[in-house]
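The values are calculated or read from the model by the stated rules, or taken from the named source; none is laboratory data. Quick caveat, the model's predicted, so the values are computed rather than measured. FYI the Cβ positions are ideal-geometry reconstructions off the backbone, even for glycines, and counts take in every protein chain you see. Quick note on the areas: whole protein, heavy atoms, side chains included, nothing else; ligands and nucleic acids left out. Shrake-Rupley method; radii C 1.70, N 1.55, O 1.52, S 1.80 Å.
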Amino acid sequence: MGSADSKLNFRKAVIQLTTKTQPVEATDNAFWDQFWADTATSVQDVFALVPAAEIRAVREESPSNLATLCYKAVEKLVQGAEGGCHSEKEKQVVLNCSRLLTRVLPYIFEDPDWRGFFWSTVPGAGHGGQGEEEDENARPLAESLLLAIADLLFCPDFTVQNHRRNDVDSAEDVHSLDSCEYIWEAGVGFAHSPQPNYIHDMNRMELLKLLLTCFSEAMYLPPSPESGSTNPWVQFFCSTENRHALPLFTSLLNTVCAYDPVGYGIPYNHLLFSDYREPLVEEAAQVLIVTLDHDSATSTSPTVDGTTTGTAMDDADPPGPENLFVNYLSRIHREEDFQFILKGIARLLSNPLLQTYLPNSTKKIQFHQELLVLFWKLCDFNKKFLFFVLKSSDVLDILVPILYFLNDARADQSRVGLMHIGVFILLLLSGERNFGVRLNKPYSVRVPMDIPVFTGTHADLLIVVFHKIITSGHQRLQPLFDCLLTIVVNVSPYLKSLSMVTANKLLHLLEAFSTTWFLFSASQNHHLVFFLLEVFNNIIQYQFDGNSNLVYAIIRKRAVFHQLANLPTDPPSIHKALQRRRRTPEPLSRTGSQEGTSMEGSRPAAPAEPGTLKTSLVATPGIDKLTEKSQVSEDGTLRSLEPESQQSSAENSPSDGESSQTWREQRRLSNASASGQWSPTSDWILSWKSKLPLQTIMRLLQVLVPQVEKICIDKGLTDESEILRFLQHGTLVGLLPVPHPILIRKYQANSGTAMWFRTYMWGVIYLRNVDPPIWYDTDVKLFEIQRV
């Protein structure tokens, strides 16, 4: 049975390589062929038979042998690509070299002295006088490797079906092959769906794994503020040098968006058929998001010629960035393409939710984080896609899964990154008026979630989940509170009717955030009160008619507003408030919020299992850096307020010298029982107390409270419904201050979030690739690996 023998031979070759102190000549084919010619080793075998310690030993003690091994493996891939991999033997050689390089590359990247190796040229080595290839010698090894991978991903009978059935395909055909006819899956720009082929899928997956490993050099560089530093591997692969860039981009995107884990819509089907597509789809999603790692905030890149992009791409726009994948993504414009992408992503994001209706009925996919990054990139790079998403209530098919993930992950320290990306996507969407309007659709899908039962709209769902995150999430989520409330402010002018449950939740947050100890215990905490007051003002001024529940809740909790208006500012009161804080370490009490029973069938959000691995993340910018303020004009258009708000954000936020890091520190310290860092002064409190926007609410209370009290006395009422009926028909027209203009804080691209996305994305990829564990135990620098 050849397999055990071939493992043995392969292991022997590895031992020889590690023990040979003399350099082995590149021409000694008998020696080098042992690594790929006669073996049938799986990628798992290669990882087991080539231990990390031995790779490092060769790197340190006989570097020329490691260099030759890499060089020869790349040469074999190039030959396979040139010759078209017709025989089984050639295919096996290509796969073996691909697995070997996947194993070795991380150890090249972890050593700074080796990093330039793949970008150097290897003069004429191994080309025993083959004249026609001499000009190719000028190519750096990395470029030869990447071009060979690209060719191999469209290799008939190896990774794609052979359209031409004459078996006299000669090597010339590899160059004349139009890979656009071989796109892997129907969808954007391609109508034909090829027959599924297990072998082709597996071969594609192996090559994509190698490609991802090439791109992973980024993991071995520490996060730097000048995140404009492009990844040279991605830069070359996504350039015009790669003649397969368009069909490969389309193949990856379509493979992900067309995937249906349920299996032809039949429940429990996955138990009968093993799904070999999923590993390919995961790999495709990971390669795709890495190629799209592009800092749109700082990109002023040279343009590309936009003539070759075919009809799926919009040629009207000016040519985009020179990263062709970003360029193509930003120019997709057909409605049916948008529909295909959105439906696909929504179907996959909803997959874990389906589990809760019919447990085990569908295969549970694990790559929702990659999908969220992909959705983010689509919205960030393609504004037409963003508007398409918001044009119909389809956006709710993205919103509900995101809220489900946020609620489910809120107690789990290992999923902080997932919490952030979910919130970032909602922040981006909330900058568009249509998002707020869509939220008014009634919420009828009953996904079991650990939240109070309510009857209402998608807006109710969003606010109830946000309340749950703030009151029962873990401490590390505090920096997200500003973002969560900014989203609520952005949608508030459009919310036609909040349920009573939701109204109570909003007032509970105001109660919690306006206690003196919370307000005085960190320099930024009062912003949360400002956001909530802005929400109430927007609803009262613009949506008073349908919101009797909220008005009633404000009347019931009117003491909170009076307390805010009379906030003490004298030193003894400040001292007393901070003393009280030392006795109450809990940042937000759950008292005063009638939790109510959770939905049937839901499980409480669980913390991470002890020992769970997680990767560290860089700090995210403060809300003033993350968003820019715009005013909604009478006609609904937005006018940026940025130039003048530069001053206002300077006074509301730490001075420019302080980074968001110290801002998060302060937030964190505000929960520590004693923070020596921050001591509030009377002047500081007065500086913002005078700006609290309480006029509208005070006027509302002044008008309505006496009327409500009169009804109660006249009719001896203790019944809410009568009061609510009165409030429903009441009006404040002409009694309130002139409506303020609506202020929207729109997400703006910045290098801080670009860096955050890079560390988050690579952290996800690191943790998700465990079989084989490509990067495990190598010296990555982009993040730290921590145990919960």
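List of remarks:
- Subset of the stretch 720-738 (residues that are assigned to a loop (DSSP other than H, G, I, E, B) and open to solvent by 70 Å² or more (accessible area, probe 1.4 Å)): Thr731, Val733, Gly734, Val738
- Of the residues making up the stretch 350-389, those that are hydrophobic (A, V, I, L, M, F, W, C), farther than 16 Å from Phe424 by Cβ and at pLDDT 90 or above are Phe367, Phe385, Phe387, Phe388.
- Of the criteria (1) in contact with a strand residue (DSSP E or B) (Cβ under 9 Å, 6 or more places away or on another chain); (2) of a type in the set (S, T, N, Q); (3) free of Cβ contacts under 8 Å to residues at least 40 places away in the same chain, which one Gln748 fails: (3)
- Residue within the stretch 481-494 that is open to solvent by 10 Å² or more (accessible area, probe 1.4 Å), part of a loop (DSSP other than H, G, I, E, B) and not acidic (Asp, Glu) present: no
- Test: residue in the stretch 506-516 that is β-branched (Val, Ile, Thr), in the same structural domain as Ala409 (by the TED database) and under 30 Å from Pro442 (Cβ atoms): no
- Entry remark, the stretch 82-102: residues being crowded, with 22+ Cβ neighbours inside 10 Å, part of a helix (DSSP H, G or I) and touching a residue at least 60 places away in the same chain (Cβ under 8 Å) number 9 in total.
- Number of residues in the stretch 7-32 that are out of contact with any helix residue (DSSP H, G or I) (no Cβ under 9 Å at 6 or more places or on another chain) and either in a helix (DSSP H, G or I) or more than 20 Å from Ser62 (Cα to Cα) (or both): the value is 3.
- No other residue among Thr759, Thr753, Thr696 is over 24 Å from the mean Cα position of the chain (by Cα) and either among the polar types (S, T, N, Q) or part of a helix (DSSP H, G or I) (or both) apart from Thr696.
- The residues in the stretch 513-528 that are open to solvent by 10 Å² or more (accessible area, probe 1.4 Å) and assigned to a helix (DSSP H, G or I) can be counted, and the count is 4.
- Residue check, Val780 assigned to a loop (DSSP other than H, G, I, E, B) and at pLDDT below 90: no
- Looking at Pro772, Pro739, just one residue is more than 20 Å from the chain's Cα centre (by Cα) and in the same structural domain as Leu292 (by the TED database), and that residue is Pro772.
- Condition check for Ala754: closer than 19 Å to Leu374 by Cβ, open to solvent by 30 Å² or more (accessible area, probe 1.4 Å), at pLDDT below 90 and not polar (S, T, N, Q): no
- Within the stretch 46-59, the set of residues being assigned to a loop (DSSP other than H, G, I, E, B) and either out of contact with any helix residue (DSSP H, G or I) (no Cβ under 9 Å at 6 or more places or on another chain) or surrounded by fewer than 22 Cβ atoms within 10 Å (Cβ to Cβ) (or both) comprises Pro51 only.
- In the stretch 531-538 there is at least one residue that is touching a strand residue (DSSP E or B) at 6+ places or on another chain (Cβ under 9 Å), open to solvent by less than 10 Å² (accessible area, probe 1.4 Å) and modelled with pLDDT of 95 or more.
- Taken over the stretch 677-693, the criterion of being in contact with a Leu (Cβ under 8 Å, 6 or more places away or on another chain), outside any loop (DSSP other than H, G, I, E, B) and either more than 16 Å from Gln524 (Cα to Cα) or open to solvent by 30 Å² or more (accessible area, probe 1.4 Å) (or both) is satisfied by Lys689 alone.
This table checks each residue for (1) modelled with pLDDT of 65 or more; (2) of a type in the set (Gly, Ala, Ser); (3) within 29 Å of Ile199 (Cβ to Cβ).
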residue	(1), (2), (3)
Trp233	yes, no, yes
Gly265	no, yes, yes
Arg277	yes, no, yes
Gln286	yes, no, yes
Asp293	yes, no, no
Gly306	no, yes, no
Phe325	yes, no, yes
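- The stretch 14-31 - residue that is over 42 Å from the mean Cα position of the chain (by Cα) and open to solvent by less than 40 Å² (accessible area, probe 1.4 Å) and, of those, farthest from Gly80 (Cα to Cα): Val24
- Filtering Arg139, Arg115, Arg103 for residues that are among the charged types (D, E, K, R), under 37 Å from the mean Cα position of the chain (by Cα) and modelled with pLDDT of 95 or more leaves a single hit, Arg103.
- For first residues located in the stretch 247-261 and closer than 21 Å to Leu177 by Cβ and of a type in the set (Val, Ile, Thr), partners that are open to solvent by 10 Å² or more (accessible area, probe 1.4 Å) and assigned to a helix (DSSP H, G or I) and lie 6+ apart or on another chain with Cβ distances below 9 Å form the pairs Thr250/Cys180; Thr250/Tyr328; Thr255/Arg204; Thr255/Arg277.
- Listed conditions (1) closer than 25 Å to Gln707 by Cβ; (2) assigned to a helix (DSSP H, G or I) are all met by Phe531, apart from (1).
- Check on Val43, open to solvent by less than 10 Å² (accessible area, probe 1.4 Å) and under 41 Å from the mean Cα position of the chain (by Cα): no
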